[in-house]
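Trainee: I am attaching a structure below and will ask some questions about it afterwards.
The values are calculated or read from the model by the stated rules, or taken from the named source; none is laboratory data. Nothing here was measured: the structure is a model prediction, and the numbers come from that model. Don't worry about glycine lacking a Cβ; one is built from the backbone with ideal geometry, like all the others, and counts go over all protein chains shown. These area figures cover heavy atoms from the full protein model, side chains too; ligands, DNA and RNA do not enter into them. Shrake-Rupley method; radii C 1.70, N 1.55, O 1.52, S 1.80 Å.
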Amino acid sequence: MNYSLLDFLTLIGSLGMFLYGMKMMSEGLQKVAGDKMRNILSAMTTNRFSGVLTGFLITALVQSSSATTVMVVSFVNAGLLTLFQSISVIMGANIGTTFTAWIISIFGFKFNIATIALPLFGLALPFMFSSKSKNKSWGEFIIGFSLLFMGLEFLKASVPDLQSNPEILAFLRQYTEMGFGSILLFLGIGTLLTIILQSSSATMAITLVMCSQGWVSFEIACAMILGENLGTTLTANLAALSTNTQARRAAFSHFLFNGFGLLWVVCLFYPFSSFVAGIIDQIGPGDPYALSMFLENLEQTDPETFKAITSGSATLTDYQKGMQEQMLSLQTSVSYGLSLFHTAYNIINVFVMIWFVALYEKVCLKVIKSKESDEEFQLRHIQSNMVSTSELSVFEAKSELTVFAERAHRMISMVKKLNTITDESNFLKLYNRIEKYEDISDRMEIEIANYLNKVSEGRLSSTTKEEIRDILRANTEIESVADAVCNMARTIKRRNNTKSTFNEEMNNNLNHMITICDKAVARMIEVLKIKEPKDIDLAISINLENEINLLRSQLKKKNIEDINEGKYSYQDGVYYMDFIAECEKLGDYVMNVVEAICLKK
């Protein structure tokens, strides 16, 4: 079997398609689904048990735990699922993947979702040419979904064809007589094969071939299945390479779940595999252990018959036909036995590990730490599917509002730094981070507003209703602050794209204006943290806004004079005044927030 450099490059290209599809699907999902999908998934995963059921059903439908875990990672990446919810869904996916093994055992058929990838491309095409942005987002999601599964299919097609050439692995037969050492060795081989093939189902098929040919015993095949369970976690971790911290944690939780489950089953391996074999022997077609002994004895006593029935020869004697039927019956018992082992192991593993979801979450948080550049959408104080008492709800909303304001505040320092960056790569990296902050701000505004609308449906006093209206107003204005800061960044980007520049005096004026804006937002955050409105000194915020307005007027007048004197071009002046105008708008938005909080009856 030849494997050239071109084949290797095809493998790398397939991986690139897979990762790009994952990224495109996640971004399209984030644009088109938004809070609706999050609410649906939140309802489906309200507790760990419903989360497990959700994971099982999805995996049973798509017949791929890899596909389910990749979807879950993309949902976490898009902020549609929390880390806690994703862990229970991934647990359910581990049970769901055993459904595929039973289909292989019973029907020998596995639906390949990659076969509909190209038709999905055709379906997405009209969406991509639509004038509506939401339709385009649908198109991106469908194309990303298609690319993801096409990438997975190309991955399987571009690796060495071990599945069609199982005789390559025949040499492993000599390592099956080392006791528990053989169990550990073949556990590792199962893991490695799954990593290479990117499909536990494909590896399961190889395991069945090896066991049915008598190369390995039932116990060795069970050990390979355990390795396959561990190896399949790599797909989700590969998918998480281009995602945020929470998504990487979700993928890592998959590895932890399968890894810890592996520990207990290895300790109880022999009694557990014997228990499964006993069930198949009692209610199934026979003893799974008997196949390897049957083939070994037949090979030694009647090599001709052994070769005839294992090679699929068309001309068989009546005796050989009888032996072949016996072999097929024993092969069926092995297939059922391995499927039951796979199912029983995962069900017991979920039943044991489901009580430690919170512990898994803590381990993932500790192992994979957040980076400064990693920003994810996650409400800290409120949950969209839970409403507390009216007083506590208002307190939680105000606390979340402060977090919202602090996020907008961090954007100002980013814009100030953005104006000084000359390297294009670093500029785009920071600019994209600012845009991501703005996207998160849009979603935070919606989540806080939806939460307060739910609170308003209950019985509230007139005072509490008025307070909720004030918080809703402040919520809208804080989002406008984030918009204004993002518009400043876009102005700088437009300036750079046209090769326009600001002179030293202009940059000094901008820095001065940004500093005042920074002080105004910092004061707004202080106001949000003050419990009693009567303790707020409104004059501080008024003075800062007046300072912004006065500086804007001075710079606007001087801009006309400087252009007339030829100090800089008219185009430079346009970008300069656009930036200053956004600063002035920001001051108004900040003042609106302060008034909403402190001007209460």
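Trainee: By how many nm would the segment from Ile421 to Thr315 grow when fully extended, if each residue of separation counts as 0.36 nm and the alpha-carbon distance is taken off?
Mentor: Details: separation 106, 0.36 × 106 = 38.16 nm, distance 7.86 nm.
Separation in residues times 0.36 nm, less the Cα-Cα distance, equals 30.3 nm.
Trainee: While we're on this one: Taking each pair of distinct Cα atoms in the range 431-470 once, what is the resulting Kirkwood hydrodynamic radius in Å? All intermediate terms of the calculation are to be shown ahead of the outcome.
Mentor: Values: mean 1/r = 0.0856 Å⁻¹.
This gives a value of 11.7 Å.
Trainee: Using a 7 Å offset from the Cα along the Cα-to-Cβ direction at both Asp578 and Asn543, what is the distance between the two label points in nm, to one decimal?
Mentor: Spacing of the two 7 Å Cα→Cβ label points: 3.5 nm.
Trainee: What ranking, highest mean first, results for peptides 506-513, 552-559, 440-447 when packing means the other Cβ atoms within 10 Å averaged over each residue?
Mentor: 440-447, 506-513, 552-559
Trainee: Within 10 Å of each candidate Cβ there may be at most 10 other Cβ atoms; applying that plus a DSSP loop requirement, which GluC sites (Glu not before Pro) in the range 454-525 survive?
Mentor: Details: sites: Glu457, Glu466, Glu467, Glu477, Glu479, Glu504, Glu505; in loops: Glu457.
Filter output for the range 454-525: Glu457.
Trainee: Taking a threshold of 18 Å on the Cα-Cα distance, which of the pairs Lys23/Lys436; Lys362/Lys436; Lys417/Lys519; Lys366/Lys398; Lys519/Lys556; Lys23/Lys362 fall above it? Kindly include the intermediate steps, with their values, before the conclusion.
Mentor: Details: Lys23/Lys436 15 Å; Lys362/Lys436 26 Å; Lys417/Lys519 16 Å; Lys366/Lys398 29 Å; Lys519/Lys556 22 Å; Lys23/Lys362 26 Å.
Correct reply: Lys362/Lys436; Lys366/Lys398; Lys519/Lys556; Lys23/Lys362.
Trainee: Also, quick follow-up: Which sequence of Phe186, Phe141, Phe99 reflects their accessible areas, 1.4 Å probe, from the largest down? Numbers along the way, then the final one.
Mentor: Values: Phe186 0, Phe141 40, Phe99 90 Å².
Reading off the accessible areas and sorting them downward yields Phe99, Phe141, Phe186.
Trainee: What's log10 of I(q)/I(0) for the range 521-601 at q = 0.13, 0.21, 0.26 Å⁻¹, Debye sum over Cα points only, no solvent?
Mentor: Normalising to I(0) and taking log10 leaves -0.51, -0.88, -1.15.
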